[in-house]
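All remarks here apply to the structure that follows.
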Amino acid sequence: MKNLSLLNKLLYLINVVFVLLWFCAFLSPYINPQSFSLGALLAIGYPILLLAHLLFILYWLVRFKKAIYLSFTVLILSYFFSVPVFQSKSKFKALAKDNSFSIMSFNSQLSYFSGGKKEEVQTHQSKIIHFLNQENADILCLQEARKGMASNLNHPYKSVFGFSHIYSKYEIISAKEIVFNETSTNNSCYADLLIHKDTIRIYNLHLESLHLGNDDYRLLKEWDEEPIEEQLQDKTQKLSNKISKASNKRVSQVEKIMESINSSPYPTLLCGDFNDVPQSYIYRKLNKGHKDAFLDSGKGFGATYRQLIFPFRIDFILVDNLWTAYNFKVLEKNLSDHQAIRCDIEFN
């Protein structure tokens, strides 16, 4: 610090603040957001924090300053001990039909992506059905799906609970909705399927949404505008409260889901719209005993929600540790505010 100029001293202090913010985000998967809401907030911005530290490294590297070790340590610890943000290699394999199955998960946004006009919903839903049939996955889990989907998909078996649907080419032995203790606009369910003489349980999860309004989206997307400071603080506080409230609800929902998973007599696969990021308490709880299909065989950032200034990965396929995932894809088809994901699962 002694050898730093006034500007560099200021940047060093900012660097230290970013280290503290990163540390809170780094620990967020291990701290219940019901008791520490700041962690849940910072977890959402974890990739942005990593980018900030990369910029600090580049700056201190040019200046030949030892302060580089602050952010360098952050990136090293993140690389080895947090969920990877980026995958450089995918894992492809042609699988035998009698030892594997394919699964796809998609939040179809109630077929309103065309602009929310009721007269356009039917046309847009037809496009979604055509897309799903083209993909031809063995198992299909839909969130925010309309009942009209059922009669037009190439799947003989189905379980429909409100807007949460499971479609299958394999026999569904039983199915059940997971009833949450708190009221929610979202719902989750599971189905027990007989696949190649083995029974497995598929969970279709849609956890509590943030319920962002137009003002929230404008705040997060339109950075070029300069609102009055009081208005900005008010909107930021409201957005923070929404994130905190939704995080708390998701914790309660996951507790119910974990009760079901722990009592399952069959191997389990979890997929759906978690409405939370990989660097979160929710993800860590659900991923226990499972492997993330994207980390197993995906490539790139794996972003499934791109409606904000920064893309997020909030849709997941988590497979039982007994199995291996291959050929994970984020499907680049703009039919919803979410991207569909799919992969192939091999029994070991």
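The values are calculated or read from the model by the stated rules, or taken from the named source; none is laboratory data. None of these values were measured; they are calculated from a predicted model. Quick reminder, even Gly has a Cβ in these numbers, built from the backbone with ideal geometry, and neighbours come from all protein chains shown. For the accessible areas, the whole protein counts, side chains as well, though only heavy atoms, and no ligand, DNA or RNA atoms are used. Shrake-Rupley method; radii C 1.70, N 1.55, O 1.52, S 1.80 Å.
Would you mind working out the magnitude of the charge dipole of the chain relative to its Cα centre, with +1 at each Lys and Arg C-beta and -1 at each Asp and Glu C-beta, to the nearest 20 Debye?
So the dipole magnitude of the chain works out to roughly 840 debye.
For the chain, which span is the longest to avoid every loop-located (per DSSP) member of GluC sites (Glu not before Pro) having at most 12 other Cβ atoms inside 10 Å?
With a cap of 12 other Cβ atoms within 10 Å, the longest stretch comes to 1-181.
Along the positive direction of the dipole of the chain (beta-carbon charges: Lys, Arg +1; Asp, Glu -1; about the Cα centre), which of L207, Y283, P156 reaches farthest?
Going by the charge dipole, the pick is Y283.
Over what distance in Å are the Cα centres of the stretch 303-348 and the stretch 26-78 separated?
Using only Cα atoms, the two centres lie 25 Å from each other.
If I take R0 = 30 Å and measure r between the Cβ atoms of F92 and N241 in this structure, what FRET efficiency does the formula 1/(1 + (r/R0)^6) give, to the nearest 0.05?
That pair, F92 with N241, gives E of 0.10.
If I take the Cα coordinates of the stretch 1-90 and project them onto the principal axes, what are the three extents in Å, biggest first?
Per principal axis, max minus min of the Cα coordinates gives 42, 37, 16 Å.
So if we plug the beta-carbon distance of N321 and L77 into 1/(1 + (r/R0)^6) with R0 = 25 Å, what FRET efficiency do we get, rounded to 0.05?
Numbers: r = 25 Å, r/R0 = 1.01.
Computed FRET efficiency for N321 and L77 comes out at 0.50.
Ignoring ligands, DNA and RNA, what accessible area per residue does the chain give at 1.4 Å, in Å²? Don't skip to the answer; put the middle values down first.
Values: 17770 Å² over 348 residues.
Each residue of the chain exposes 51 Å² on average to a 1.4 Å probe.
To one decimal place, what orientation-averaged projected area in nm² is obtained for the convex hull of the Cα set of the chain?
That works out to 19.8 nm².
What do you reckon, how do I166, I14 stack up by accessible area (1.4 Å probe), largest on top?
Solvent-accessible surface, decreasing: I14, I166.
Give me the angle, in degrees from 0 to 90, between the Cα long axis of helix 229-262 and the longest principal axis of the Cα atoms of the chain, rounded to the nearest 10.
So the inclination is approximately 40 degrees.
Of all accessible surface on the chain at a 1.4 Å probe, what whole percent is carbon and sulfur?
On the chain, the fraction of accessible area on carbon and sulfur atoms equals 57 percent.
Using only the Cα atoms, what convex hull volume per residue in Å³ does the stretch 274-345 have? Write out the running numbers ahead of the final one.
Working: hull volume 6.0 nm³, N = 72.
It is 83 Å³ per residue.
What pairs in K238/K291; K118/K176; K66/K249; K9/K245; K97/K256 have C-alpha atoms more than 32 Å from each other?
In this structure, K238/K291; K66/K249; K9/K245; K97/K256 lie more than 32 Å apart at Cα.
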